[in-house]
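The values are calculated or read from the model by the stated rules, or taken from the named source; none is laboratory data. Quick caveat: nothing in here was measured; it's all calculated off a predicted structure. Cβ atoms come from the backbone with ideal geometry, glycine included; neighbour counts cover every protein chain shown. Surface areas here come from the heavy atoms of the whole protein model, side chains and all, with no ligands, DNA or RNA. Shrake-Rupley method; radii C 1.70, N 1.55, O 1.52, S 1.80 Å.
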Amino acid sequence: MDVVVLGRIGYDLYSEQPHVPLPQVRRFSRYLGGSSANMAVGLSRLGARVGIISCLGDDSLSEFLLSFLESQGVDTARVQRAPGYLPSLCLTEVTPPDRFPQVFYRHEAVDIQLRASEEDLDCLSRARMFITNGTSLCMSPSRESTYRALERAKRAGCRVVLDVDYRAMSWESPEAAGLAVRLALPFVDVLIGNQLELGLVAGCTELDEAVAKLRSRIPMLVSKLGAEGTRVWQDGESVFLPPYQVEVVTTIGAGDGFASGFLFAQLQGLPVEESLHYGNAAAAIVVSRLSCSEAMPTLDEVREIIARQRRN
């Protein structure tokens, strides 16, 4: 296995009525969602061998989610079942280019019921890279499972990636989210977050101050700057790349697309700057399509848009 991802698998409903406010939307399309699941699909579509550790229910929505992951080549052998619990639900308005409000339902979501077994931990310890996200730390028992997985992966020599993935509705307060991620930092090799998320982890509001606090604690720090681009700090140096310009359908999932492309390139041993091209290209493709998971590009699509960007 190249990559094992631990985290939430969610159910997404996207409006099929562009520019209609969410309270008035009558038609939706359903997709697999959740940051961890999106990245698993994204990495698999690019050609990585990916497995996911998560928890689903015994309901029909869970059946759809599991089937979709399997159709994308993601190994679901370590997906547990918790009867009586449901996947989280997210509804999204689609008003390009910059309005995509969402409503989340995460009360007692099934992904929080994850109880990592020794078999799960053994599985991830054999991977080259282990990826998880901050939402998995929001409540027990998934919080303890995630910390155990981080510790085991680090001890086994996996490259450990943590995407902060802050979702306010999952936490009592921003401070609680920041503390939970800080406790994980000793196990992390790559930390990914936007300006707000890095500030939460560092306990400050200014990006420069947050970066200064985190750089000494993390071998690689990745800052998603939205419309400004992406910057990576490693070994005392930083590399910046502006975003690729495309017509935006929805920005939801851009971060998951970026992470999939960037981390896939890192798995191939590519330099940071080239990895940023893979990440920005994947993100550009995702924002030009509806949904997160089904919008994830193939390797040929990523390489094509990189080549086109360089010609221009």
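A few points about this structure:
- The residues Met296, Met169, sorted by heavy-atom accessible surface at 1.4 Å with ligands and nucleic acids left out, run Met169, Met296 from largest to smallest.
- Where only alpha carbons of region 47-180 are counted, the Rg and the Dmax (Å): 15.6, 46
- The modelled label-to-label distance for the pair Gln24/Arg81, using points 7 Å beyond Cα in the direction of Cβ, is 4.3 nm.
- Antiparallel %, DSSP beta bridges [both residues in the chain], to 5: 40
- Packing rank of 136-142, 171-177, 281-287, where each peptide gets the mean count of other beta carbons within 10 Å, highest leading: 281-287, 136-142, 171-177
- Here the calculated FRET efficiency for Arg308 and Leu270, from their Cβ-Cβ distance with R0 = 22 Å, stands at 0.75, rounded to the nearest 0.05.
- Long-range HN-HN contacts of Gly33 with modeled amide H, under 5 Å: Gly10, Tyr11, Asp12
- Here the ratio of the Cα radius of gyration of region 151-205 to 2.2 N^0.38 Å is 1.16.
- Stretch gain in nm, segment Ala176-Ala227, where the contour uses 0.36 nm per residue and the Cα spacing is subtracted: 15.6 nm
- 3J(HN,Hα) from dihedral phi, region 31-45, Karplus parametrisation 6.51/-1.76/1.60, rounded to Hz, x for glycine, proline: 8, 5, x, x, 3, 5, 5, 4, 5, 4, 5, x, 5, 5, 5
- Most tightly packed first, judged by the mean number of other beta-carbon atoms within 10 Å of their residues, the peptides 265-272, 8-15 read 8-15, 265-272.
- With all protein chains in place and a 1.4 Å probe, the accessible surface of the chain carries 49 percent carbon and sulfur.
- Spin-label model, Asp300/Leu185: points 7 Å from Cα along the beta carbon direction are separated by 4.4 nm.
- Region 204-269: radius of gyration and largest Cα-Cα distance (Dmax), Å: 13.2, 38
- Between Gly229, Gly255, Gly193, the GNM of the chain built on Cα springs shorter than 10 angstrom shows Gly229 fluctuating the most.
- Nearest-10 value in Å² for the accessible area of Leu162, using the 1.4 Å probe: 0
- Projected label points at Tyr105 and Glu209, each 7 Å from Cα along the beta carbon direction, are separated by 4.0 nanometres.
- Cα pair distances of region 25-89 binned at 10 Å [whole percent]: 21, 53, 22, 4
- Taking one quarter of the surface of the convex hull spanned by the alpha-carbon atoms of region 185-306 gives a direction-averaged projected area of 7.4 nm².
- Local net charge near Thr298, Cβ-Cβ under 14 Å (Lys/Arg +1, Asp/Glu -1): -1
- Remark: the Ser67-Ser140 segment gains 23.6 nm on full extension, using 0.36 nm per residue and subtracting the alpha carbon distance.
- Per residue solvent-accessible surface (Å²) - the chain, probe of 1.4 Å: 42
- Convex hull volume of region 86-128 per residue (C-alpha atoms, cubic angstrom): 106
- Based on the reciprocal of the average 1/r between different C-alpha atoms, the Kirkwood radius for the chain equals 19.2 Å.
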